[in-house]
Amino acid sequence: MITAVVKILLSKPISSEEALRAFESTAPIYKGLRGLLRKYYLRSEDGRYVGGVYVWETRADAEAVYTTEWKARVKQLYGAEPEISWFETPLIVDNQAGGATIKAA
């Protein structure tokens, strides 16, 4: 598994309500997306950053989504380019699933 952390520095702070509206507008895009296991939407406490944590089956699955068109859509929605950091994800503990541990294949 691979985790991508996407961070977007906004030109002005965004409220929790504004962020939620923006997030809800894009959530349908990610439902059932090939290779995406989870997506967490993020807003910094001061509202200066938004982004997401994406857990993918493979980096190739992620890179198939993070296209030039995806980056342009993000820039149009938030007014700034996304920054992507990559992390290997060898193990997840899922307390909602009774503390299940999920190992990377």
From the set of residues in the stretch 80-99 that are within 15 Å of the chain's Cα centre (by Cα) and β-branched (Val, Ile, Thr), which is farthest from residue 3 (Cα to Cα)? 84
Qualifying position, being modelled with pLDDT under 95 and either under 20 Å from residue 76 (Cα atoms) or of a type in the set (Val, Ile, Thr) (or both), among 2, 14, 8, 29: 29
Could you give every pair whose Cβ atoms fall below 8 Å, whose first residue belongs to the stretch 80-105 and is under 25 Å from residue 63 (Cα atoms) and without any contact (Cβ under 8 Å) to a residue 24 or more places away in the chain, and whose second residue is of a type in the set (D, E, K, R) and loosely packed, with under 11 Cβ neighbours inside 10 Å, counting only separations of at least 6 or pairs across chains? 91/103
State yes or no: is residue 48 out of contact with any strand residue (DSSP E or B) (no Cβ under 8 Å at 6 or more places or on another chain) and either closer than 14 Å to residue 7 by Cα or of a type in the set (D, E, K, R) (or both)? no
Residue in the stretch 53-82 that is surrounded by the fewest Cβ atoms within 10 Å (Cβ to Cβ), counting only those that are in a helix (DSSP H, G or I) and of a type in the set (D, E, K, R): 69
Every residue from the stretch 1-45 that is aliphatic (A, V, I, L, M) and either touching a Pro at 6+ places or on another chain (Cβ under 9 Å) or assigned to a helix (DSSP H, G or I) (or both): 1, 6, 8, 19, 20, 22, 27, 29
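The values are calculated or read from the model by the stated rules, or taken from the named source; none is laboratory data. All of these numbers come straight from a predicted model, not from anything done at the bench. Every residue, glycine as well, gets a Cβ built from its backbone with ideal geometry; the counts of neighbours run over all protein chains shown.
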